[in-house]
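The values are calculated or read from the model by the stated rules, or taken from the named source; none is laboratory data. Keep in mind the model is a prediction, meaning the values are calculated, not measured. Neighbour counts are summed over all protein chains in view; Cβ atoms, including those assigned to glycine, are modelled from backbone coordinates with ideal geometry. Accessible surface is based on the protein model in full, side chains and every heavy atom, while ligands, DNA and RNA are left aside. Shrake-Rupley method; radii C 1.70, N 1.55, O 1.52, S 1.80 Å.
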Amino acid sequence: MSDHVEVLDSHEATVGQLTVRRALPRRQLRTIGAWCFADHMGPAEVTETSGLDVGPHPHTGLKTVTWLVDGAVLHRDSLGSEQVIRPGQLNLMTAGHGVAHAEEATDSYRGTLQGVQLWVAQPEATRHGPAGFTHHAELPHVEIGAAELTVLAGTFAGATSPAQFDTELVGVDAVVGAGRATWELNPAFEYAVIALEGQVRIGDAVAHPGQIATLGTGRQEIDLEALETSRVLLLGGVPFPETLVMWWNFVARDRAEISAAVAAWRDRGERFGEVDSRLDRIPAPLPPWPSGSSA
Ligand code: MN
């Protein structure tokens, strides 16, 4: 193990009408445990004409985890689910072999929207399996000193999230009052901290919103100093043993699988189904490799 903490900049991307800070994947950092994608959306103002509004699009081989800090988003999927998510709640959608969903602004909410959307890669054992959707209205909270923690995934500080995952991992939202905090870690896990608000010092590094601090494996604890009241997302897990090929909204193991998923979405077959949404279906872009390539 190393005590060194590396801080990487997220890159900006556009999702729906919102600018997001994408912390994962980075070229230098593909996964933290099975966490393979992390977007920090907002804070942004939702108005009559501007909101999240992501039209129907497909996923394979992953679970989406949606967590809001502010605002409201309406989830619809090809299983027939229709669910408004609000701060403090978790939406967990399993793609398996295939699912499609839309994320819409609600008709009534106007104000600030901020949250994260995360993807968790499914292991070989479940990634070809059925799709699913679960809304968790209540999640466990833990207070440690001046920090208020919500356990989104896995077990942390003795509290266990009801959300079900296929590999050992943890996800924690923490609002940390100014000052130092020490939390116990699992040395078998690798960890990263995404700064959402404020600024935090971790070991020899300081992370601001738009940055992800990586801690590697082998640590018994994390020492964190909030330089002001801050909000962070702690992600961790057993290093994912399978090599992923990720492209657009698909997590797979090779290009042939991606090409098959692209064709299935284009052909509107049963694999992804239909989403009852007022928004337009998002067409798959063309993969940047020759058709028939399977490398
Ligand atoms: Mn999606």
Any idea what Rg and Dmax come out to for the chain if you just take the C-alpha atoms, in Å?
18.5, 57
Separation between the Asp107 and Glu12 pseudo-spin-labels, each 7 Å from Cα along Cα→Cβ, expressed in nm?
3.4 nm
I'd like the distance between the alpha-carbon centres of region 24-61 and region 78-103, rounded to an integer number of Å.
13 Å
Dipole magnitude of the chain, debye to nearest 20 (Cβ charges: Lys/Arg +1, Asp/Glu -1, about Cα centre):
680 debye
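Hey, any idea what % of the chain's accessible area is carbon plus sulfur with a 1.4 Å probe? Intermediate results must be reported in sequence, preceding the final value.
Numbers: 5900 of 12610 Å².
Here carbon and sulfur together make up 47 percent of the probe-accessible area.
Tally Lys and Arg at +1 and Asp and Glu at -1 over the other residues with C-beta under 12 Å from the C-beta of Gly80: what net charge comes out? Before the final figure, lay out the partial values.
On the way: positive: Arg76; negative: Asp77, Glu82, Glu274, Asp276.
Neighbour charge sum, excluding Gly80 itself: -3.
Note down the net charge around Gly203, summing +1 for each Lys or Arg and -1 for each Asp or Glu among other residues with Cβ under 9 Å from its Cβ.
Numbers: positive: Arg201; negative: Asp3, Asp204, Asp223.
Spelling it out: positives minus negatives among the neighbours equals -2.
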Here the net charge surrounding Gln89, from other residues whose Cβ is less than 12 Å away from its Cβ (Lys, Arg +1; Asp, Glu -1), is -1
Which residues make up the longest stretch of the chain that has no GluC sites (Glu not before Pro) in a DSSP loop with at most 15 other Cβ atoms within 10 Å?
49-137
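Stokes-Einstein D for region 148-260 at 20 °C, 1.002 mPa s, Kirkwood Rh over Cα pairs, in µm²/s?
Details: Rh = 15.2 Å.
Result for D is 141 µm²/s.
Roll a 1.4 Å probe over the protein chains and send me the accessible area per residue for the chain in Å².
On the way: 12610 Å² over 295 residues.
Spelled out: the 1.4 Å probe surface of the chain, per residue, equals 43 Å².
Report Rg(Cα)/(2.2 N^0.38 Å) for region 1-106, keeping two decimals.
For region 1-106, the normalised Cα radius of gyration is 1.17.
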Toward the positive end of the charge dipole of the chain, about the Cα centre and with charges on Cβ (Lys, Arg +1; Asp, Glu -1), which of Ser50, Ala178, Pro123 goes farthest?
Pro123
